[in-house]
Ligand code: ADP
């Protein structure tokens, strides 16, 4: 996993949680303001005018919060600033109320709005939230006491409402903090699981690399002795004995390829596989491959053609790895094509690339499996078809293509053949002159 995003994710998750709360809270507040406006307009002595500015400020806040949290983001530094502004605003308002010639109960609604704003708008954590709510309630109570008016029913109701708003504010903050803590815990445990899985992956790669290496050495010795036997170094052989030795060689070579693929895969996984980029002549490569295909298609009802479009013969690639990829694509085409044609073609592609395509008229691959075939050990066809292979050739080929600055893609439908396209950087001949050095 990317470390940066891993570090960022809890904070981002928490901020979007807070932003959600702000959006919902501001809408609740808008509803509260609307209800209060209605009540004040119908029954407030002196009408709506003296407190209209309070409502206007609150509704402006609602709009600002909706705009500020549109993308579910929040600036953390706004929290202490907002805490101070809200507390001061409430204190100024209460002081104004103490000297205003209106009954103290009439102050309740706007004052509750102040505390509710603190409750619903500002995600400042339980401690700060409790301080702000307590200061707001105490200021309101002090102002009520300072006016020297007796506490009537309306006043008691107002006091109760302000207190309730303060409690809501603290509970809201507590719930947000709890969810934040839960997110932190889950993130920590996911990170731990990720670390354990990465360690297990490294151990698996080391095991694969060492076992493959240990298998390859004795296998090469076996193949060497078979060569000596076939060369008559230990005396002449009967035709039947030669036949058996050829079969042993064929199977041992398959095993050797598989082991080499496993070693490549473990090197790629560990990021240790390097490619040596040089100039490669596709005409030479295709001539080699024509010879290989002649042997592979011997006895098959399949025709093979290999062509290079004019001006596309030279590419920038690791010659051995390029041959490995194209051979793998051709071997697959042979495995999955019973009748028809297999074509190998190189043509110019956009951005100074050359597209080397291997197309067959075989059984094809359903689009749903196009991703899976590039994953290690994935075979998408029925195993009862008994085609040899471990399902790692395409995953190695695709990663090698990327290491060489290119890509490997598939276009196929079930029953309609397949086309694999490998793109590699082209070498454009300068002033029509051929490239200087040939690697392959
Ligand atoms: P394998 O050794 O099994 O061929 P690959 O990684 O080369 O491993 O291929 C993975 C799978 O993709 C194959 O098992 C097969 O199911 C599918 N596949 C690859 N090439 C072709 C093709 N030309 N036609 C149909 N299926 C293919």
Query raised in the report: Once the piece of chain linking residue 39 and residue 237 is laid out straight, how much longer is it, given 0.36 nm per residue of separation minus the C-alpha distance between them?
Result: 60.2 nm
Query raised in the report: To the nearest 0.05, what FRET efficiency results for residue 223 and residue 428 with a Förster distance of 41 Å applied to their C-beta separation?
Result: 0.45
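Mind giving me the FRET efficiency for residue 84 and residue 189? R0 is 35 Å, r the Cβ-Cβ distance, nearest 0.05 is fine.
Given R0 = 35 Å and the Cβ-Cβ separation, E is 0.40.
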Report task. Compute the distance in nm between two label points, each set 7 Å from the Cα along the Cα-to-Cβ direction, one at residue 138 and one at residue 309. Result -> 8.1
Query raised in the report: On full extension of the chain, what length is gained from residue 413 through residue 371, given 0.36 nm per residue of separation minus the C-alpha to C-alpha distance?
Result: 13.8 nm
Query - Taking segment 215-371 and dividing mean pair separation by its residue count, relative contact order in percent (alpha carbons under 8 Å, at least six apart) - result: 18
Report task. Could you please rank 89, 314, 41, placing first whichever residue has the fewest other Cβ atoms within 10 Å of its Cβ? Result -> 41, 89, 314
Query raised in the report: Could the peptides 61-69, 396-404 be put in order, highest first, of the mean number of other beta-carbon atoms found within 10 Å of their residues?
Result: 396-404, 61-69
**Report entry** FRET efficiency, residue 48 to residue 127 (Cβ-Cβ, R0 30 Å, nearest 0.05)
**Finding:** 0.25
Report task. Report the convex hull volume per residue for segment 249-347, counting only C-alpha atoms, in Å³. Result -> 117
Report task. For each of 193, 54, count neighbouring Cβ atoms within 10 Å of the residue's Cβ, then give the residues from fewest to most. Result -> 193, 54
Query - Ranked list, fewest to most other Cβ atoms within 10 Å of each Cβ, for 228, 215 - result: 228, 215
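Laboratory data are not the source of any read-out in this text; all were calculated from the coordinates shown. Here the structure is a predicted model, which is why all the values come from computation and not from measurement. Backbone-built Cβ (ideal geometry, glycine too); neighbour counts: all protein chains shown.
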